[in-house]
Amino acid sequence: MPKQKSIVSVFGRTQPIIGLIHLKGENDEDVITRAKNEIELYLDNGIDAILVENYYGHYYHMEMVLDYLRNEKKNVVFGVNCLNLDALGFELAAKYGAKFVQFDSVVGHVKPRDDYSLDAFFKLYRERYDVFVLGGVRFKYQPVLSVRSVEEDLRIACSRCDAIVVTQDATGQETSLDKIKEFRQAIGYFPLFVGAGVTPSNCNQQLKLVDGAIIGSYFKDTYKDSGEVCKEHVTEIVDAFNLHRKEGKYDSTSEG
């Protein structure tokens with residue numbers, strides 16, 4: 001297995017904020033124009049990295065936005081999540097120079113007999129592709145077919161990714177502190193990101209336990225994934241994170 005990458009080496013800081021691009025739009029031109037505007041808004045207001053995901057858009061929309069990031073935003077940290085086809089996430093990252101990939105689940109979502117194949121897949125592709133892997137466990141909307149405990153699956157996940165991502169049950173739903181604590185206790189100092197439901201009011205408690213956040217819905221004017229990215233909501237989160245960082249309360253995990 002490749003040596004685990006550090007958060008700082010990829011994102012340039014501890015506890016990065018990753019802004020999600022949902023690829024919403026009425027047509028191809030609208031999708032790309034909207035994505036470019038969202039990227040500018042994120043970068044102008046303190047977001048640390050961009051994640052491109054085909055939540056609404058198509059595969060080719062991801063390629064178009066990734067190509068834009070590669071050619072027009074050369075110093076920006078960006079990543080990709082190709083939903084339901086993890087191999088293409090690796091391929092896109094390599095093709096466009098993305099520094100990280102996200103997978104909604106790296107363990108527990110396949111039948112026990114298929115876990116051997118899943119393990120072989122991650123061993124093969126992580127050896128082949130030099131990219132930071134964010135891996136979901138008991139992630140929103142993912143089936144739970146594992147016969148193992150959460151703790152056992154989390155230990156397995158640590159061998160398949162560089163950071164684990166925790167969510168509750170739905171997009172935009174707050175991830176409970178109890179679930180975050182459960183994950184943190186099980187994985188020790190292994191990196192942990194929260195992937196849904198981060199707000200200015202809950203981030204202070206969550207940031208005592210996690211190493212970063214992926215945020216999409218809160219940034220929208222409606223606080224829902226279908227809304228429009230709102231500058232005020234972005235700055236609210238960034239200000240809350242910066243206050244936490246300034247107070248130096250980050251004490252739960254290693255910075256490596």
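Estimated from helices alone, the mean residue ellipticity of the chain at 222 nm is -12000 deg cm²/dmol (sum of -39500 (n - 2.57) over DSSP H runs with n ≥ 4, per residue). Let me test this: with uniform point scatterers at the alpha carbons of the stretch 16-155, what is the Debye-based log₁₀ I(q)/I(0) at q = 0.17 1/Å? Values returned for q = 0.17 Å⁻¹ are -0.93. Hey, got the dipole for the chain? About the Cα centre, +1 on K and R Cβ, -1 on D and E Cβ, debye to the nearest 20? Dipole about the Cα centre, nearest 20: 780 debye.
Given 0.36 nm per residue, what is the gain on full extension from K231 to D130 after removing their alpha carbon distance, in nm?
Numbers: separation 101, 0.36 × 101 = 36.36 nm, distance 3.35 nm.
Full extension of this stretch gives 33.0 nm more.
Volume per residue for the stretch 23-69 equals 63 cubic angstrom (convex hull of Cα atoms).
Provide the per residue accessible area, probe 1.4 Å, for the stretch 1-86, rounded to a whole number of square angstrom.
Working: 3910 Å² over 86 residues.
Heavy-atom SASA per residue in the stretch 1-86 reads 46 Å².
Just the protein heavy atoms count here, and of the accessible area of the stretch 144-189 at 1.4 Å, carbon and sulfur take up 49 percent.
Can you give the Rg/Rh ratio of the stretch 1-87, where Rg is from the C-alpha atoms and Rh is the Kirkwood radius? Please report the intermediate quantities before stating the final value.
Numbers: Rg = 13.4 Å, Rh = 13.6 Å.
My calculation puts Rg/Rh at 0.99.
Note on the stretch 130-180: percent of Cα-Cα distances in each 5 Å bin, starting at 0 and stopping at the bin with the largest distance, equals 4, 19, 27, 27, 16, 6, 1. Using the alpha-carbon positions of the stretch 122-222, Rg (one decimal) and Dmax (whole number) come out as 13.8, 41 Å. Between the amide H of V166 and those of F193, V194, G195, distances stay under 5 Å, these residues lying 5 or more places away or on another chain, with hydrogens modeled in the peptide plane.
Spread over its residues, the convex hull of the C-alpha atoms of the chain is 112 Å³ per residue.
The values are calculated or read from the model by the stated rules, or taken from the named source; none is laboratory data. Bear in mind the structure is a predicted one, so any value in this text is a computation, not a measurement. Every residue, glycine among them, receives a Cβ derived from its backbone with ideal geometry; neighbour counts consider all protein chains shown. Please note that ligands, DNA and RNA were not included when accessible areas were found on the heavy atoms of the full protein model with its side chains. Shrake-Rupley method; radii C 1.70, N 1.55, O 1.52, S 1.80 Å.
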